[in-house]
Amino acid sequence: MFRQDPCRSRRELFDREEELNQLVKALKSNVWVAILGPRMAGKTSLAYVGANLLEDFSVVYVDLRGTYTMKKAAERILNSLPQSKLESLLERIKGIRIGKFGIELKDSSAVDVMERLFSELHNGIVILDEVQDVIYGVNHFLNLLARIRNSKRDINFIFTGSSIGLMHSLLEPSPKSPLYGRTPIKIELKPWDFKTAYAFLEKGLRECNVDYTGSEISETINELGTLPGWLNFYGLRRCLGKSHEKALEESTTEGVKVAKMELENLLKNRPAWARLVLRSLAFGARWHEMLELGASKAGLLKFLKTLQNLYLISKEGEVYRISDPIYRRASREL
C-alpha cells in the first residue's frame, strides 16, 4: 500500500474508483484528459493506472517538472522514450544530439522533432506530468497538440497538474486557440476526507503487520492532513520499523521541506509582499489585511487566483487560508 513510486496497477491504487472509471472511459473514447489537483493528491498514480488498463496501448510517461520551455519539454519527452525508439530517431531526424545529460535539441528544432516523433508513435498513451510548469513557448506547444489531435487518432494524452501555465491554456483556450472547442475533459482529485484517509493508513499498516492504535492514526491525519502523498511518507516509515512518534516527526519534516521548496519556487521574481501574504495565509487572512502588507488590488487578486489554481488556498467567508497543514507549516517558515 505504501510506496516511493507511483502506483502502476489497479491493485496498488487505493480509492479513486469514480475518477479511474472516468479516465478509462475517456481514453477508450479517444478523449484527452486533464487530471487536476494539489501536489501529493495521487495524480500521477491515477494516470499510470488508467493508462495501463488499456492493454493494447503502450505508455510513455514524461515528468515535466522544471522544464519551463517548449525546448526543455521536448528534450524531456525524448529522454523518456524507450532506447530502441531513441536510436531510431537519432538515425533519421536532424536536430537531435546526445549531450552530457542526455538527448539535446537545437533551439529551432523542438517543434519539428516532436511532430516527427508523434507521427511515428502508434497506439500510445502519453502522460505529461506537471504540465503547468511549461510557461514559455505555450503557443507552439498548443499548435503541435492541435495537429496531433487532427491527425492521430491512435495517440491519447493525459495531462496532470494544476491550472496555470500550459494547463491553463489547454483548459481555458481563447477563441483564437487551435484547441478551442476541443479541450481535454477535467478530472479533479481532491484531498481525501478523514474517513478515507483513516482507512488508507489502517489498511497499509495491517498489510505490513505494524501494531498501531486508532489515536495514532487520528494524530497522523491531524498533523499531515489527508493528501495521500503525505500519509504515504508516514506509512513507509512505520513499515520500515519506525515508531509512531519518529515516523510522524520525520514525515512532517520531510513534507515541510518539499512544500517549502515549492513555495520558494512560486515566490521567485515576485514582489516582497507576496512572501508576507503567504505567511499571513498560514493563519488565515482577510482581503484588507493582505492589502496592508503592500500589495496592490490587481496584484493581490492575481496572486490569490494563482494560489487557488494551485489548490493551495481556500476561502471560508471572508477569510483566505492555506488548506493543507503541511503547506501551512512551510509558509510560516518562509
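Restricting segment 91-195 to chymotrypsin sites (Phe, Trp or Tyr not before Pro) that sit in a DSSP loop and have at most 14 other Cβ atoms within 10 Å of their own Cβ leaves PHE101, TYR180. Relative to the dominant Cα principal axis of the chain, helix 43-52 is inclined by about 50°.
Remark on GLY294: its backbone amide H falls under 5 Å from none of the residues 5 or more positions apart or on other chains, H modelled at 1.01 Å from N. Placing a label point 7 Å from the Cα of ASP15 along the Cα-to-Cβ direction, the residues of segment 235-260 whose backbone N falls under 15 Å from that point are 235. Unpaired Cys in the chain, meaning no second Cys C-beta under 4.7 Å: CYS7. Under the rule a/c < 1.5 gives rounded, and otherwise a/b versus b/c splits prolate from oblate, where does segment 128-200 land using the Cα gyration tensor? Judged from the Cα gyration tensor, segment 128-200 comes out prolate (a/c at least 1.5, a/b above b/c). Here the chain is scanned for GluC sites (Glu not before Pro) in DSSP loops (not H, G, I, E, B) that have at most 11 other Cβ atoms within 10 Å, and the longest stretch holding none of them is 56-317.
For segment 126-167, trypsin sites (Lys or Arg not before Pro) are listed when DSSP marks them as loop and at most 13 other Cβ atoms sit within 10 Å of their Cβ; the list is ARG153. By DSSP, what percent of the beta bridges with both residues in segment 10-188 are antiparallel, rounded to the nearest 5? Taking every DSSP beta bridge with both residues in segment 10-188, the antiparallel ones total about 15 percent. Pairs with C-alpha atoms separated by more than 22 Å, drawn from the list LYS28/LYS186; LYS203/LYS246; LYS257/LYS305, are LYS257/LYS305. From its DSSP helices (H runs of at least four residues, each -39,500 (n - 2.57)), the chain gives a residue-normalised ellipticity at 222 nm of -15500 deg cm²/dmol.
For the chain, the share of DSSP beta bridges that are antiparallel, to the nearest 5, is 35%.
The packing ranking of peptides 295-301, 76-82, highest mean first, is 76-82, 295-301, where packing means the average number of other beta carbon atoms within 10 angstrom of each residue. What shape does segment 270-332 have by the C-alpha gyration tensor, where a ≥ b ≥ c are the square roots of the eigenvalues, rounded means a/c under 1.5, and otherwise prolate means a/b greater than b/c and oblate the rest? Because its axes are fairly even, with a/c under 1.5, segment 270-332 counts as rounded.
To make sure I understand the rule: partners must be aspartates and glutamates, Cα under 13 Å from the Cα of LYS72, and not fewer than 8 residues away in the same chain. Which ones qualify? Counting by Cα, and skipping residues close in sequence, LYS72 has these aspartates and glutamates nearby: ASP63, GLU104, ASP107, ASP133. Close amide H contacts of VAL59 (hydrogens built in the peptide plane, cut-off under 5 Å, sequence separation of 5 or more or a different chain): ILE125.
Read the figures in this text as sums done on the coordinates, not as results from a lab. Fair warning: this is a prediction, and the values are worked out from it, not measured in the lab. Every residue, glycine among them, receives a Cβ derived from its backbone with ideal geometry; neighbour counts consider all protein chains shown.
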